[in-house]
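Notes for the one structure printed next.
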Amino acid sequence: MEKKPFLTLEQAQNIIRDIPTPFHVYDEKGIRENARALNAAFSWNKGYKEYFAVKATPNPYLMKILQEEGCGMDCSSYTELMLCEACGITGTDIMFSSNVTPAEDMQKAYDLGANINLDDYTHVAFIKQVCGVPKTICCRYNPGGVFKLGESEDKVQVMDNPGESKYGMTEEQMEKAFVELKAAGAEEFGIHAFLASNTVSNEYYPELASILFKLAVRLRDKTGVHIKFINLSGGVGVPYKPEDTPNDIAVIGEGVRKKFEEILVPAGMDDVAIYTELGRYMLAPFGALVATAIHEKHIYKDYIGLDACAANLMRPAMYGSYHHITVLGKEDAPCDHLYDVTGGLCENNDKFAIDRMLPKIDRGDIIYIHDAGAHGFSMGYNYNGKLRSAEVLFCEDGSHKLIRRAETPKDYFATFDFSEFDLDKNE
Ligand SMILES: Cc1ncc(COP(=O)(O)O)c(C=O)c1O
């Protein structure tokens, strides 16, 4: 099975005439259509809002597109908060879900009027000390144990291991936190949890919703607080492999609605707003890393070397993640060559693909690495003096726009001060 790139070879070549490879390119049409389908899937809920996880793809042009589609932004740091502010995104259009939070980050989130999500019970005292408790406050929950999907033992699927995760509070801590936050002036409360990443299952959100809705009822009953929103956070995945079955967001939305009607409505909590904080689902399939094959090498295996490397997309090196590869213009050629497709870092894990059957690749071929639109560019780094690539928007009308220039050596040098070196002496 093939995955279809959103660019043809000709369209890629048009961009390359202006912007040399490697670059990340994003598909505006796909981003907008996907955001609309997500909003439609949760339109049954009056207060529904997606807060795009800025960490996934922190680019102001993409944030603006998502804002136009009704999304808010989820930030995790001071700089991401600044980025929102620079885009004119403030107040409750920001969710601040951080952990190990520095005081200045907390203060900045407070000053911007963001919905602040406390990761730990000790953060109740911390926020009081730093800036005071805002009227609306959220706490992150961690149920511990192992998070599974499925009713019967033979069908059970282990999704993740919250008991081993550093995030969130126990139920007991949530209860204490709510009581203390209320006493300190909070009027509206939120509940948040992120229990599994990249779930390719329509069951994840409904199951998480069920856990959080029941928790919300218990917390309301015990503490008397008003729960304003429940944030299902991120974790809805994308089909990286051609054989993966994509999630159906309409089915997911319906699944959450069913739990809402079963649990919250009978408890008199039908005014609860559902928030999501998706990153990968919003952008991964709508971004690609476009590179050129610049070398080939034949020793004990056959290697194709690209002008991109793990510094542009680290997921394969870091997690062993699969990213599909299309050789543009050779979409219909037989995949009869076995290659490792590599970058040029001095790290043997700098491989975009290992033992991958692909068409015969020649130097100069344009390589399209799929599903790089989230946690791609943003995880980039400068190891080996490699520079971050450009980001390009492939616009709805077929034109393209540079939305971040590539780094130059000047950027790499910008954090050094050479004034102490008397370089003339060395001549
Ligand atoms: C707090 C928080 N929210 C949302 C997300 C987005 O997750 P995803 O991109 O898997 O949807 C992340 C990702 O790390 C996260 O840490």
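Any idea which residue in the stretch 78-114 is nearest to the chain's Cα centre (by Cα), counting only those that are within 15 Å of the ligand (Cβ to nearest atom) and farther than 20 Å from K135 by Cα?
Checked the stretch 78-114; the qualifying residue nearest to the chain's Cα centre (by Cα) is E80.
Quick one: would you say A196 is within 23 Å of I127 (Cβ to Cβ), in contact (Cβ under 8 Å) with a residue 24 or more places away in the chain and buried (at least 18 other Cβ atoms within 10 Å of the Cβ)?
No.
So that you can scan it fast, the table gives a plain yes or no per residue for (1) crowded, with 21+ Cβ neighbours inside 10 Å; (2) within 15 Å of the ligand (Cβ to nearest atom); (3) of a type in the set (A, V, I, L, M); (4) without any contact (Cβ under 8 Å) to a residue 24 or more places away in the chain:
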site	(1), (2), (3), (4)
I252	yes, yes, yes, no
L264	yes, no, yes, no
D270	no, no, no, yes
I274	yes, yes, yes, no
M282	yes, yes, yes, no
T292	no, no, no, no
H298	no, no, no, yes
K301	no, no, no, no
C309	yes, no, no, no
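So for the stretch 42-51 (the condition being at pLDDT 95 or above, farther than 29 Å from G185 by Cβ and either within 15 Å of the ligand (Cβ to nearest atom) or surrounded by 15 or more Cβ atoms within 10 Å (Cβ to Cβ) (or both)), does at least one residue qualify?
yes
What is the residue count in the stretch 165-205 for residues that are more than 16 Å from the ligand (Cβ to nearest atom), of a type in the set (V, I, T) and part of a loop (DSSP other than H, G, I, E, B)?
The total comes to 1.
Of these, K228, K259, which one is buried (at least 19 other Cβ atoms within 10 Å of the Cβ), more than 16 Å from the ligand (Cβ to nearest atom) and in a helix (DSSP H, G or I)?
Only one candidate qualifies: K259.
Would you mind finding the one in C71, C131, C75 that is over 26 Å from I403 (Cβ atoms) and either assigned by TED's automatic domain parsing to the domain that holds E180 or more than 16 Å from the ligand (Cβ to nearest atom) (or both)?
It is C131.
Condition (residue is part of a helix (DSSP H, G or I) and more than 28 Å from L387 (Cβ to Cβ)) applied to the stretch 21-31: is it met by at least one residue?
yes
Any idea how many residues of the stretch 231-243 are part of a loop (DSSP other than H, G, I, E, B) and either β-branched (V, I, T) or closer than 17 Å to L278 by Cβ (or both)?
So the answer is 8.
Quick check on the stretch 294-316. Is at least one of its residues more than 22 Å from the chain's Cα centre (by Cα) and of a type in the set (K, R)?
Looking through the stretch 294-316, at least one residue is more than 22 Å from the chain's Cα centre (by Cα) and of a type in the set (K, R).
The values are calculated or read from the model by the stated rules, or taken from the named source; none is laboratory data. Keep in mind it's a predicted model, so treat the numbers as computed, not measured. Quick reminder, even Gly has a Cβ in these numbers, built from the backbone with ideal geometry, and neighbours come from all protein chains shown.
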